[in-house]
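Okay, structure first, notes after.
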Amino acid sequence: VAGDGQPYCGVRGQADVEIDKGRGATLLDELLRRYQIRSDARLARWLMSRAADEYAVALRPQWITTWDYSARMRTTSD
């Protein structure tokens, strides 16, 4: 996962995945609370209206590597 713009950092790896349809709606509700999105907010209502189609995805990393080239990308004006 990495963006195309500066600071040119990212992560790459390989993982085993577990997909759990039963926890999708519960996890969505937890995420809305975690990011303090009120249940009556337009986004929350829209997401929860589709909760039956949500899945929980768990990644169990086998290996991970990261990179960060931000120090190389700094200009003299930084």
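The values are calculated or read from the model by the stated rules, or taken from the named source; none is laboratory data. Just so we're clear, the structure is a prediction, and the values are computed from it rather than from any experiment. Cβ sites come from the backbone with ideal geometry, for glycine too, and all protein chains shown count toward neighbours. Only protein heavy atoms, including side chains, enter the accessible area calculation; ligands, DNA and RNA are left aside. Shrake-Rupley method; radii C 1.70, N 1.55, O 1.52, S 1.80 Å.
Look at (1) aromatic (Phe, Trp, Tyr); (2) out of contact with any Cys (no Cβ under 7 Å at 6 or more places or on another chain); (3) touching a residue at least 12 places away in the same chain (Cβ under 8 Å) and you find that Tyr69 fails only one, number (2).
Sub-7 Å Cβ pairs linking a first residue in region 41-64 that is within 11 Å of Gly24 (Cβ to Cβ) and free of Cβ contacts under 8 Å to residues at least 40 places away in the same chain to a second residue that is among the charged types (D, E, K, R) and open to solvent by 90 Å² or more (accessible area, probe 1.4 Å), at least 6 apart or interchain, are Tyr55/Lys21; Ala56/Arg23, ordered by first then second residue.
With respect to the stated conditions, Leu27 is without any contact (Cβ under 8 Å) to a residue 60 or more places away in the chain and within 15 Å of the chain's Cα centre (by Cα).
Counting only helices (runs of 4 or more DSSP H) that fall entirely inside region 7-78 and contain at least 3 residues that are at pLDDT 90 or above, touching a strand residue (DSSP E or B) at 6+ places or on another chain (Cβ under 9 Å) and surrounded by 12 or more Cβ atoms within 10 Å (Cβ to Cβ), the qualifying elements are 24-34.
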